[in-house]
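First up is the structure itself, then whatever we jot down about it.
The values are calculated or read from the model by the stated rules, or taken from the named source; none is laboratory data. Predicted, not measured: the structure shown is a model, and the values here were computed from it. Positions of Cβ are generated from backbone atoms using ideal geometry, with glycine treated the same way; all protein chains shown enter the neighbour counts. Remember, those area values only see protein heavy atoms, side chains included, never the ligands or the DNA or RNA. Shrake-Rupley method; radii C 1.70, N 1.55, O 1.52, S 1.80 Å.
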Amino acid sequence: MAQVELEADSVLTGEEEDESLLLSMSSSSNKLQTREGWWTTFVLYDGCWMDRQAAMSVSLVRAQFVPRDDDVLLATYPKCGTTWLKALSFAIANRHRHPVVSAGHHPLLTQSPHDLVPFIELPFRHIHPLAAALDAIPSPRLLGTHMPHHLLPPRIGCRIVYLCREPKDVVISTWHFMNKVIEGFSIDFDKAFELFVDGCSPFGPIWNHYLGYWNKHVEEPDRVLFLKYDDMMADPAGHVKKLAEFLRVPFTDDEVDAGVVEEVVRLCSFEKLSRLPVNSSVVAGRVGVDERPMKNSVFFRKGKVRDWKNYLTEEMAKKLDAAIEEKLKGSGLTL
Ligand code: A3P
């Protein structure tokens, strides 16, 4: 992909103008493949489906993001538990500044995990300048991304925590999210499922997203930690310890004896976070993918494993399982 210096305030007008700019930044010289069905036209941008605004933002991040060696990037496919991972990592990394035991004033009680750990590509960086938001954060920075590994800024060499989830639960969560998050947009479940299985979902195909980070994890296990939502649900305390080690702030024996690990689990649990006014109120807390105000409550629905059983027919489950199995074959990754 060519490195293009974009002006942060270059708001584009017109699809054609967007298209030619995106093509100049894409590794493809052909017209970008498009597909309808989601809230707006999706483009296949360097092998990854997203809307044009997201593609612009991703391009800008690739061109302008200044990485630091001690950054930690929390990477996820959307709806895999990003909010939870951000909360856990923030609580663990900052526990000396913000104690979690008797955490009456903890930042997670009054701020969304998405404000405490910002995404590098959101809100859209051609509209909301990248540098101003991210350069001011003191090191070591915790940052989030939904970008697939192959689209990360080329100079990124920091540690990465990747969290994946059972795709059948991801498609359900995605469908609910999309029907809540974009004003005036709704999509039938059958249509959303069809797009998802075809790989055309936000930042999809999901299998490429998983494999990009999985392959990096296999290559560099000390630099890329690979986690699964269902495993985290089954053993949150074990994963909190694992995360702390990876973040280079392991728990001391005294902390373990004092129950700090369990306090982190409690503070970041779905039950705790989803009931806080900041995460449950109807007040808009951020700018959404359609550039309209978005409520923090959209990030909390059920927080359960295997909720897909309430939605998918046996045939649908088999179809998605078969697609995933085929794509992951030989990789060593099982879900
Ligand atoms: P469901 O829609 O299945 O309930 P993301 O944060 O990547 O957008 O993912 C959202 C999913 O994670 C939603 O799943 C949401 O309910 C769940 N979630 C949010 N906070 C959570 C938490 N603290 N613990 C477990 N799951 C959580």
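The set of residues in the stretch 237-247 that are closer than 24 Å to Arg223 by Cβ and assigned to a helix (DSSP H, G or I) comprises Gly238, His239, Val240, Lys241, Lys242, Leu243, Ala244, Glu245, Phe246. Annotation: Asp71 fulfils all but one of (1) acidic (Asp, Glu); (2) open to solvent by less than 10 Å² (accessible area, probe 1.4 Å); (3) on the phi > 0 side of the Ramachandran plot; the unmet one is (3).
State all residues of the stretch 197-211 that are in contact with a strand residue (DSSP E or B) (Cβ under 9 Å, 6 or more places away or on another chain), surrounded by fewer than 21 Cβ atoms within 10 Å (Cβ to Cβ) and assigned to a helix (DSSP H, G or I); if no residue qualifies, say none. Of everything in the stretch 197-211, just one residue is in contact with a strand residue (DSSP E or B) (Cβ under 9 Å, 6 or more places away or on another chain), surrounded by fewer than 21 Cβ atoms within 10 Å (Cβ to Cβ) and assigned to a helix (DSSP H, G or I), namely Asn208. Just one of the listed residues (Leu44, Leu60) is part of a helix (DSSP H, G or I) and buried (at least 16 other Cβ atoms within 10 Å of the Cβ), and it is Leu60. Scanning the stretch 279-308 for residues that are part of a loop (DSSP other than H, G, I, E, B) and under 19 Å from the mean Cα position of the chain (by Cα) yields Gly288, Val289, Asp290, Glu291, Phe300, Arg301, Lys302, Gly303, Lys304, Val305. Note on the stretch 96-117: residues that are over 18 Å from Arg286 (Cα atoms) and out of contact with any Phe, Trp or Tyr (no Cβ under 9 Å at 6 or more places or on another chain) total 10. Of all the residues in the stretch 309-333, those that are part of a helix (DSSP H, G or I) and either farther than 26 Å from Asp51 by Cα or more than 16 Å from the ligand (Cβ to nearest atom) (or both) number 16.
Selection of first residues in the stretch 170-188 that are under 17 Å from Glu291 (Cβ atoms) and in contact (Cβ under 8 Å) with a residue 40 or more places away in the chain and of second residues that are within 15 Å of the ligand (Cβ to nearest atom) and small (Gly, Ala, Ser), restricted to Cβ pairs under 9 Å at least 6 apart or on distinct chains, gives the following pairs, ordered by first then second residue: Met178/Ala192; Lys180/Ser297; Val181/Gly288; Ile182/Gly288; Glu183/Gly288. Here Val161 meets each of (1) farther than 21 Å from Tyr45 by Cα; (2) touching a His at 6+ places or on another chain (Cβ under 9 Å) with one exception, condition (2).
Selection of helices (runs of 4 or more DSSP H) fully inside the stretch 67-174 by the criterion of at least 3 residues being within 16 Å of the ligand (Cβ to nearest atom) and either at pLDDT below 95 or β-branched (Val, Ile, Thr) (or both) returns 82-93. In the set Glu245, Glu291, only one residue is under 18 Å from Ser89 (Cβ atoms) and away from the ligand (no atom under 16 Å from the Cβ); that residue is Glu245. Looking across the stretch 121-140, the residues that are under 16 Å from the mean Cα position of the chain (by Cα) and closer than 14 Å to Leu74 by Cα come down to Glu121, Leu122. Within the stretch 248-278, being within 16 Å of the ligand (Cβ to nearest atom) and not in a helix (DSSP H, G or I) holds for Cys268, Ser269, Leu276.
Picking from Met50, Met1, Met25, Met56, which residue would you name as being out of contact with any strand residue (DSSP E or B) (no Cβ under 8 Å at 6 or more places or on another chain), aliphatic (A, V, I, L, M) and modelled with pLDDT of 95 or more?
Met56
Taking every residue in the stretch 84-106 that is within 21 Å of Phe300 (Cβ to Cβ) and pairing it with any residue that is part of a loop (DSSP other than H, G, I, E, B) and open to solvent by 50 Å² or more (accessible area, probe 1.4 Å), at least 6 positions away or on another chain, the pairs with Cβ-Cβ distances below 8 Å are His106/Pro99.
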